[in-house]
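So the structure is just underneath, and the comments pick up after that.
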Amino acid sequence: MGILGTTNAIIRHDLWHKHHFNKEFVHGGEDGEWARHFFNQGFVVIHDPKFTVYHSHKLHFLDLIKQFLKWRKMSEPREPFK
């Protein structure tokens, strides 16, 4: 599936009420879990290149690598912060 970010995403209202973001993903990755849930039911993502957003954390190269490695760990729920 890859990384799915919901920055500037449009989610169908009826689907949102059937399956909200999983709050067990307290460290991130809830949007990927949400997408996986509906991809497994045969839904698809429509990408419109005219529908764009610029989203930046102004990270340097090493920070981008660290962020990517963190994203790779977001495939399963984790324990909440205590």
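Structural remarks
- A count restricted to the range 30-72 and to residues that are surrounded by fewer than 11 Cβ atoms within 10 Å (Cβ to Cβ), assigned to a loop (DSSP other than H, G, I, E, B) and without any contact (Cβ under 8 Å) to a residue 40 or more places away in the chain stands at 14.
- Evaluated against (1) at pLDDT 80 or above; (2) in a loop (DSSP other than H, G, I, E, B); (3) of a type outside the set (Lys, Arg), PRO80 falls short on exactly one condition, (1).
The values are calculated or read from the model by the stated rules, or taken from the named source; none is laboratory data. All values derive from a computational prediction rather than experimental measurement. Positions of Cβ are generated from backbone atoms using ideal geometry, with glycine treated the same way; all protein chains shown enter the neighbour counts.
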